[in-house]
Amino acid sequence: MSFLTFLKKKRPLKDQQADRGILVFENTSEVIRAENALKAEGWDVKVKGPPPEIRTGCDLVIEFPLIEELNVLRALEGAGVEPVKVVPVWSALLEPVSLFHTKDFGEYLMIRAANMKLTVDKKTMTIVNVSGGGCPDVPFLAQEMVGKPLSDAPSPRAIGHTLCGYALQLAYEEMQRQCLSS
Amino acid sequence: MLVVVGTVPDEGIPLLEGQVHLENDMLVLQGRRIPVNRGTPALLAAAVAAGQILGNAPTYTYLVGDIGTGKGSRRLYEHLVRHLPKKAFEVMTFHYLQPDVDWHNRVLFALEEMKPRPVLIADAGFMYAAKMSGQAGAYDLFTPDAGEIAFLADEEAPHPFYTRGFILHEENRVPELITRAYEHNNAARCLLVKGKRDYVASREGILATIDKPLVEALEPVGGTGDTVTGIVSALVASGISVEDAALLAAKVNRLAGLYANPTPATQVIELIKHIPRATAEILEETLKKHLSRNAR
């Protein structure tokens with residue numbers, strides 16, 4: 001980790017919230033790519049729901065410290081994923097659901113994040129079901145993930161495109177934390 | 001005739017429309033065989049299975065490949081806007097489509113031009129867009145699960161992902177969430193809320209609850225909500241009122257789930273195989289009750 005990266009990570013949260021901007025992208029897939037690129041460089045950015053005036057449907061935006069706009073844009077340009085616009089935050093951004101619900105079925109463990117549920121076989125650590133959600137990548141994600149070991153299955157972050165995919169990513173991370181971290 | 005509009009998780013599938021049937025656990029549409037995993041194919045398979053017992057006309061569908069980029073959904077939206085005003089369908093069910101308020105509104109305008117106006121059922125992504133557009137009242141039936149009713153109840157949330165913490169779904173709060181959804185005009189004329197206990201509701205309140213048989217292992221099984229929506233769609237297409245169809249569909253789905261003897265690893269096709277038997281039994285039981293009431 002470089003010295004600059006270290007400084008970025010240590011910047012107090014309060015300062016970042018004092019003067020925020022949001023990065024708006026063409027679609028959710030680009031938001032996920034941009035978030036990956038910025039986090040890889042140490043930026044403490046957050047994915048949120050857009051303010052009402054710029055909502056179109058299945059949207060996500062990235063909240064960032066506005067003062068760092070040029071640096072952030074440069075990082076995104078380097079990663080080949082540029083926002084369609086950068087907007088200062090005037091109204092409250094929506095917070096994604098952050099609570100998890102875990103249900104133990106004996107041989108199986110199910111974790112729900114927002115509207116998405118992921119279930120694994122506790123013995124084999126194989127993903128046995130994906131349920132919930134309403135965006136068209138949900139059946140796709142289920143098709144690609146079910147039947148695969150939790151450690152090898154593609155992550156929703158890598159192949160998903162929508163908010164449902166993003167919610168499944170949270171369930172997937174929580175499942176990995178609970179099942180694979182020891 | 002029932003028409004189902006949705007997507008399949010395969011970008012290689014072009015926009016297809018036509019009559020669909022089930023053959024060896026696969027959907028067959030225009031000579032293409034489509035696997036029944038979850039999502040719209042599961043809804044369609046359930047509708048076809050129930051429709052066989054109900055003596056329905058073949059189910060018609062508009063399907064397109066979309067893996068979440070929204071490209072297929074937009075192509076389908078455009079097609080619907082152009083062609084629907086000239087069509088005459090009795091029941092239309094909208095399902096896994098990329099939520100897009102602008103396209104939703106254009107499709108709704110096209111639906112309003114249809115004569116007669118079809119019975120409109122929405123679930124999944126299209127229901128999200130219908131709520132977000134403020135046009136939920138234009139629909140006859142929404143089929144949310146417990147998480148989605150919390151989203152409908154939250155007048156601020158544009159997607160279930162952003163349902164505010166104080167509204168977050170808990171099974172025992174469903175009646176309160178239904179009331180709140182109607183207060184903010186974010187519910188269809190009738191709701192079938194799917195969960196541990198199923199609720200049929202309207203603006204007037206809870207019309208019925210169904211909680212037997214309870215098969216806990218069905219909760220993780222992807223597609224069990226899709227099958228309820230398919231069954232209710234087939235029942236409405238057979239001429240049963242939306243409210244009665246919702247009640248019967250919840251019963252049929254639960255019974256089919258019981259017959260599938262599932263574990264949390266069961267795939268939804270196993271439940272779909274039992275829908276014809278469950279439909280026949282629930283219809284027979286309902287008929288018997290009706291006859292014995294009339295005999296008294």
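A short reminder: the numbers here are calculations on the coordinates, not readings from a lab. Just so it is clear, the model here is predicted, and its values are computed rather than measured. We place every Cβ from the backbone using ideal geometry, glycine too, and count neighbours over all the protein chains shown.
Normalised by the residues of region A:100-180, what does the relative contact order come to in percent, with Cα pairs under 8 Å and at least six apart? Present the calculation step by step, with values, prior to reporting the outcome.
Numbers: 142 pairs, mean separation 21.9, N = 81.
Taking the mean separation of contacting Cα pairs over the length of region A:100-180, I get 27 percent.
Which pairs, out of B:Lys115/B:Lys288; A:Lys103/A:Lys148; B:Lys87/B:Lys196; A:Lys39/B:Lys194; A:Lys123/B:Lys71, put more than 29 Å between their alpha-carbon atoms? Intermediate results must be reported in sequence, preceding the final value.
Working: B:Lys115/B:Lys288 36 Å; A:Lys103/A:Lys148 20 Å; B:Lys87/B:Lys196 38 Å; A:Lys39/B:Lys194 38 Å; A:Lys123/B:Lys71 39 Å.
Distance filter (> 29 Å) returns B:Lys115/B:Lys288; B:Lys87/B:Lys196; A:Lys39/B:Lys194; A:Lys123/B:Lys71.
Explain nothing, just the number: relative contact order of region B:2-295, from Cα pairs under 8 Å at least 6 residues apart, as a whole percent.
Working: 598 pairs, mean separation 55.1, N = 294.
Value for region B:2-295: 19 percent.
Suppose R0 equals 60 Å; then what is the FRET efficiency for A:Thr124 and B:Thr209 from their Cβ-Cβ distance, rounded to the nearest 0.05? Let's see the in-between values first.
Working: r = 37 Å, r/R0 = 0.62.
With R0 = 60 Å, the Cβ-Cβ based efficiency is 0.95.
Taking beta carbons within 10 Å but only from partner chains, what does the mean come to for residues A:122-132? Provide the component values of the computation, followed by the final result.
On the way: counts 0, 0, 1, 0, 1, 1, 8, 13, 6, 13, 9.
Per-residue shielding by partner chains comes out at 5.
Residues with amide H under 5 Å of A:Val128's amide H, sequence separation 5 or more or different chain, H placed in the peptide plane at 1.01 Å from N; which?
A:Thr119, A:Val120, A:Asp121, A:Gly147
Ranking A:Tyr108, A:Tyr166 by Cβ neighbours within 10 Å, fewest first, what do you get?
Working: A:Tyr108 20, A:Tyr166 27.
Taking fewest neighbouring Cβ atoms as first place, the list is A:Tyr108, A:Tyr166.
Using label points projected 7 Å from each Cα along Cα→Cβ, tell me how many nm separate A:Ser155 and A:Glu107, to one decimal.
Taking the simple label geometry, A:Ser155 and A:Glu107 are separated by 3.0 nm.
With +1 on each Lys and Arg Cβ and -1 on each Asp and Glu Cβ, and nothing else charged, work out how big the dipole of the protein assembly as shown is about its Cα centre, in Debye to the nearest 20. Spell out each step's value before the answer.
Working: 51 positive and 58 negative charges, 104 e Å.
Computed charge dipole of the protein assembly as shown: roughly 500 debye.
Residue by residue through region B:135-142, which ³J(HN,Hα) values in whole Hz follow from phi under the Karplus form 6.51 cos²θ - 1.76 cosθ + 1.60 (θ = phi - 60°), with glycine and proline marked x?
10, 4, x, 6, 9, 8, 8, 10
Simple spin-label model, 7 Å along Cα-to-Cβ: B:Lys288 to A:Lys39 in nm?
Simple spin-label model gives 5.6 nm for this pair.
Can you tell me what share of the DSSP beta bridges in region B:2-295 is antiparallel? A percent to the nearest 5 is fine.
Values: 21 of 40 bridges.
Here the antiparallel bridges make up roughly 50 percent for region B:2-295.
Note the full-extension length gain between B:Glu78 and B:Lys273 as 0.36 nm times their separation in residues minus their Cα-Cα distance, in nm to one decimal.
Numbers: separation 195, 0.36 × 195 = 70.20 nm, distance 3.44 nm.
Here the segment from B:Glu78 to B:Lys273 would lengthen by 66.8 nm.
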